[in-house]
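Asker: Can you keep this structure in mind? I'll have questions shortly.
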Amino acid sequence: MLLRRPRVLSGTHFMLGNFAAVEGALAAGCNFFAGYPITPANEVSERMAERMPEVGGKFLQGEDELCSIYALAGAALAGAKVLTATASAGFDYMAEGIEYAISDEIPMVIMDVQRTRGENFATQADVMQMRWGAAGDHELIVLAPSSVQELFDFTIRAFNLAEKYRNPVIVMSETTIALMRERLVIPPADQIKIINRKMTQAQPGDYVPFRAEMGCVPDMAPLGKGYNTLYSINPHNEFGSIKWEPEIFERQYERITQKILMNLDDIVTTDEYQTEDAELILIAYGSETRPCKDAVDVARGQGKKVGLLKLNTVWPVPEKQILAAARKANKILAVEMNMGKYAGEIERVAGCHAEVKRVTKNLGAIHTSGEIVAAIEESLR
Amino acid sequence: MITNPMREALKPNSLPHFFCPGCGAAQVLNFFVRAMDELQIPMSSILGIGGVGCTARIPVYLKLDAMHGIHGRTLPWATGIKLMQPDLKVVIFAGDGDAAAIGGNHLIQAARRNLDVTMIVVNNLNYGMTGGQVAPTTYSTLRTTTTPYGNPEPAFDLVKLVEAAGATFVSRWSTNRPHQSVRAIKKAIQHKGFSFVEIVSQCTTGFGRKAINSASPTKLLDWIKDRSLTISEAEKLSDEDLAGKFVLGDFVDKQAPVFAGSSFLPPEEDE
């Protein structure tokens, strides 16, 4: 007899990062998964194939990433909370579907386990691709977990934000954490905060599918119940009708972007470590925050006033927090596992208030704390 | 003022439509509305899907929930919807480029899975909306805007393609066979499983001017008619003789289990 596990596996586990992401999705209420095989994201699909039937959800192995991402859009409009998982090269294809989901305000969560081009080594080279991969004006929410526990926690948060803002949300995973086993604590189901999309109370004749105040999100309607909603990628007015009128187009994309930008305090989160009196602050995201934290401890042991600003939300850019760090410290080190990408954002925000130096590594491996300590020493010399 | 009772099937203020004068896709819009009316199925109880192209605009005018605007991805949308709402009837309107080129992989996979949707492919033998470029359905030697010296490639037979892939209802008619087209659409809508109806159609603006040196809809309809034959007539001809011909009729009508997802608990565990 097979043991049918519950939706929320409350308790303490020693779990693979990709599995923790699946458990986070389930705890958030995910009931549809579609994906296409790609390393290092495969364990997400494999565990979903086991778990979805256990909790009464649907699992689809698509014929490609395009099938997967559009099946997500269809299932989400049919009422499901949806997830796909892919890795860098697979994300290329999915950008197309993300563009559609943005324009028709379809909630979905995409897990992107970054890998080096053509290989499966560690990298953060796609931090820009996730933000800018889709064509057209848009805002995206991208969360950057740094541990197995955060893969669980941030995946739940990604679902809540997707539902609340009717927008794709990306969980920026990495080979480092996705393929690592670590302690994971799953709380009791009733202690997990869950947000569900708002469904309209209006009768079919009175429903206006894309009408909302600036900075707000329109309610959704079920399919096949007479609401007669057109979900077109083409420019559409608040009734959903395809219209090309410059003012309607401008207003549509103003609202779609402002619903994110006017709610930054709700969306953007960071953690600070030893920053109170810091003269030098490391700014990092994802798994790179781990050697950074160790390096702060080492530097503090040497009497150096060093701190860490950990970006849990990488997009939208935590401008307020980066600016505060730059005003506090006179030196900023932008640490990341690529040739230097997000550093440009940090320079843009912090550049007028502090000296920003790039600490980059593009060798398919995470920084060691020793490498970051050396960068700190050179900077303070 | 008397209005056509079929106007009830269209969204208010959706006319005038954007089809060129004499376009076959507009006829197929008519065929579909008629089929739904004869079946007495309320329009707003179903979901319409169009990708990109002239045919893809058909559901935009209909009084129903619809998805529109992504080239070739109609079947993936439908797959997600049908897994969550298996009782919702889904009808896809696709041009030949949408269905057979950019969406070709989705087409054969959906047919293989026997996804429970109806797909109406308006085959006008070219990319009409973008200006009459060659398509995988354009017969060899025909001139288009991207085959100015004649098409060197052979064409897909979409009926054979989806039949081989596993479609459980397959039919091909043309815009000059309105009654047969409506009948086939009705059968397809009532069919449980992947039902595929190809309607060979005239594209005056894109195809006609290049391929037959005429933008006249009646000349194009005659051109299609002259190349059309029934299944029994086609049986007497060789593959060479059938090249460049349209074999019309109902090809497949059978039952098979429909797609419901890629993973299930073992039967004894399934409550």
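The values are calculated or read from the model by the stated rules, or taken from the named source; none is laboratory data. All figures in this text were calculated on a predicted structure; none of them were measured in a lab. Ideal geometry is used to build each Cβ from the backbone, glycine not excepted, and the neighbour counts take in all protein chains shown. To get the accessible areas, we keep the full protein, side chains included, count just its heavy atoms, and leave off ligands, DNA and RNA. Shrake-Rupley method; radii C 1.70, N 1.55, O 1.52, S 1.80 Å.
Asker: Please give the average number of partner chain Cβ atoms lying within 10 Å of the Cβ of each residue in B:8-14, rounded to a whole number.
Answerer: Numbers: counts 0, 0, 0, 5, 2, 2, 3.
If you average over the peptide's residues, the count of other-chain Cβ atoms is 2.
Asker: Give me the one-decimal nm value for the distance between modelled label points at B:Asp87 and B:Lys225, 7 Å along each residue's Cα-to-Cβ direction.
Answerer: Label-label distance for B:Asp87 and B:Lys225, simple model: 4.6 nm.
Asker: Expressed as a rounded percentage, what relative contact order does segment A:111-204 have, with Cα pairs under 8 Å and six or more residues apart?
Answerer: Relative contact order, segment A:111-204: 34 percent.
Asker: List the GluC sites (Glu not before Pro) within segment A:165-234 that fall in a DSSP loop (any state other than H, G, I, E or B) and whose Cβ has at most 13 other Cβ atoms within 10 Å.
Answerer: A:Glu213
Asker: Looking at the square roots a ≥ b ≥ c of the eigenvalues of the Cα gyration tensor of segment B:1-132, which shape do they give, rounded for a/c under 1.5, prolate if a/b is larger than b/c, or oblate?
Answerer: oblate
Asker: Same structure again: Express the Stokes-Einstein translational diffusion coefficient of chain A in µm² s⁻¹, to the nearest whole number, given a Kirkwood radius over alpha-carbon pairs, 20 °C and a viscosity of 1.002 mPa s.
Answerer: Answer from the Stokes-Einstein relation: 100 µm²/s.
Asker: What accessible surface, in Å², does a 1.4 Å probe find on A:Lys198, ignoring ligands, DNA and RNA and rounding to the nearest 10?
Answerer: Counting only protein heavy atoms, A:Lys198 exposes about 140 Å² to solvent.
Asker: Which whole-number percent gives the relative contact order of chain A, counting Cα pairs below 8 Å spaced six or more residues apart?
Answerer: Once divided by the residue count of chain A, the mean separation gives 16 percent.
Asker: Of the beta bridges DSSP finds with both residues in the protein assembly as shown, what % are antiparallel, to the nearest 5?
Answerer: Bridges in the protein assembly as shown that DSSP calls antiparallel: roughly 20 percent.
Asker: When you look at the Cβ of every residue in B:41-51, what mean number of other chain Cβ atoms sits within 10 Å?
Answerer: Numbers: counts 0, 2, 2, 6, 3, 2, 6, 1, 2, 2, 0.
The mean count of partner-chain Cβ atoms within 10 Å per residue comes to 2.
Asker: Using the crude model of +1 on Lys and Arg Cβ and -1 on Asp and Glu Cβ, and no other charge, please compute the dipole size for the protein assembly as shown relative to its Cα centre, in debye to 20.
Answerer: Dipole of the protein assembly as shown, to the nearest 20 debye: 920 debye.
Asker: Which order do B:Met43, A:Met111 take when ranked by solvent-accessible area (1.4 Å probe, heavy atoms of all protein chains), largest first?
Answerer: Listed by decreasing accessible area, they come as B:Met43, A:Met111.
Asker: Report, in whole Å, the centroid distance computed from the Cα atoms of segment B:214-271 and segment A:162-192.
Answerer: 46 Å
Asker: I would also like to ask the following. Can you pull the one-decimal nm distance between simple spin-label points at A:Ala374 and A:Glu276, each 7 Å off the Cα toward Cβ?
Answerer: Here the answer is 3.3 nm between the modelled labels.
Asker: Work out which residues of segment A:41-56 lose at minimum 40 square angstrom of accessible surface when the other protein chains are put back, relative to the chain isolated, with a 1.4 angstrom probe, and list them by number.
Answerer: Relative to the lone chain, where solvent access is computed with a 1.4 Å probe, segment A:41-56 loses at least 40 Å² at A:Pro53.
Asker: Mind checking the dipole of segment A:271-380: about its Cα centre, +1 per Lys or Arg Cβ, -1 per Asp or Glu Cβ, Debye to the nearest 20?
Answerer: 120 debye
Asker: What FRET efficiency would be calculated for the residue pair A:Asp92, A:Asn362, taking the C-beta separation as r and a Förster radius of 25 Å, to the nearest 0.05?
Answerer: E between A:Asp92 and A:Asn362, to the nearest 0.05, is 0.85.
Asker: Can you bin segment A:1-127 into rounded, prolate or oblate? Criterion: square roots of the alpha carbon gyration tensor eigenvalues sorted a ≥ b ≥ c, rounded for a/c under 1.5, prolate for a/b above b/c, oblate for the rest.
Answerer: Because a/c hits 1.5 or more and a/b fails to exceed b/c, segment A:1-127 counts as oblate.
Asker: Expressed as a whole percentage, what fraction of the accessible surface of segment A:271-380 belongs to carbon and sulfur atoms when a 1.4 Å probe is rolled over the protein heavy atoms?
Answerer: 48 percent
Asker: One-quarter of the Cα convex hull surface for segment B:18-253, in nm²?
Answerer: 11.4 nm²
Asker: Please tell me the relative contact order of segment A:1-75 in percent, rounded to the nearest whole number, where contacts are Cα pairs under 8 Å and at least six residues apart.
Answerer: 34 percent
Asker: May I ask you to compute the full-extension gain from A:Val185 to A:Asp206, defined as 0.36 nm times their residue separation minus their alpha-carbon distance, rounded to one decimal in nm? If you can, show how the numbers build up before the last one.
Answerer: Details: separation 21, 0.36 × 21 = 7.56 nm, distance 4.60 nm.
Extending this stretch completely gives an extra 3.0 nm.
Asker: Any chance you could run the full-extension gain for A:Gln258 through A:Gln302? It's 0.36 nm times the residue separation minus the Cα-Cα distance, nm to one decimal.
Answerer: Stretched out fully, the A:Gln258 to A:Gln302 stretch lengthens by 11.3 nm.
Asker: Give me the accessible area of A:Glu254, 1.4 Å probe, in Å² rounded to the nearest 10.
Answerer: The value for A:Glu254 is about 80 Å².
Asker: Using θ = phi - 60° and the Karplus curve 6.51 cos²θ - 1.76 cosθ + 1.60, what whole-Hz ³J(HN,Hα) does each residue of segment B:35-49 get, with Gly and Pro shown as x?
Answerer: Calculated HN-Hα couplings, in order: 4, 5, 5, 5, 7, 6, 9, x, 4, 7, 8, 10, 10, x, 10 Hz.
Asker: I would also like to ask the following. Work out how much length A:Phe239 to A:Arg117 would gain on full extension: take 0.36 nm times their residue separation and subtract the Cα-Cα distance, in nm to one decimal.
Answerer: Additional length available on full extension: 39.6 nm.
Asker: Which of rounded, prolate or oblate describes segment A:30-88 when judged by the alpha-carbon gyration tensor and an a/c cut-off of 1.5?
Answerer: Oblate.
Asker: I'd like the accessible area for A:Ser369, computed on protein heavy atoms only with a 1.4 Å probe and all protein chains in place. Round to 10 Å², please.
Answerer: Looks like 40 Å² after rounding.
Asker: What distance in nm separates the two pseudo spin-label positions at A:Asn42 and B:Glu153, each 7 Å out from Cα along the beta-carbon direction?
Answerer: 3.3 nm
Asker: With the Cα gyration tensor of segment B:173-218 in hand, give its eigenvalues times 5 under a square root as the equivalent ellipsoid semi-axes, listed largest first in whole angstrom. Present the calculation step by step, with values, prior to reporting the outcome.
Answerer: On the way: eigenvalues 164, 24, 6 Å².
Result for segment B:173-218: semi-axes of 29, 11, 5 Å.
Asker: So which chymotrypsin sites (Phe, Trp or Tyr not before Pro) in segment B:10-40 end up in coil per DSSP with only 16 or fewer other C-beta atoms within 10 Å?
Answerer: B:Phe18
Asker: On alpha carbon coordinates alone, what is the Rg over Rh value for segment A:271-380, Rh being the Kirkwood radius?
Answerer: Numbers: Rg = 12.2 Å, Rh = 13.3 Å.
With Rg and the Kirkwood Rh in hand, the quotient comes to 0.92.
Asker: Put A:Arg251, B:Arg73 in order of accessible area, largest first, 1.4 Å probe: what do you get?
Answerer: A:Arg251, B:Arg73
Asker: In whole Å, how far is the Cα centre of segment A:13-79 from that of segment A:301-366?
Answerer: Rounded to whole Å, the Cα centres lie 33 Å apart.
Asker: Can I ask one more? Sort B:His179, B:His106 by accessible area with a 1.4 Å probe, largest first. Write out the running numbers ahead of the final one.
Answerer: Numbers: B:His179 155, B:His106 5 Å².
Correct descending sequence by accessible area is B:His179, B:His106.
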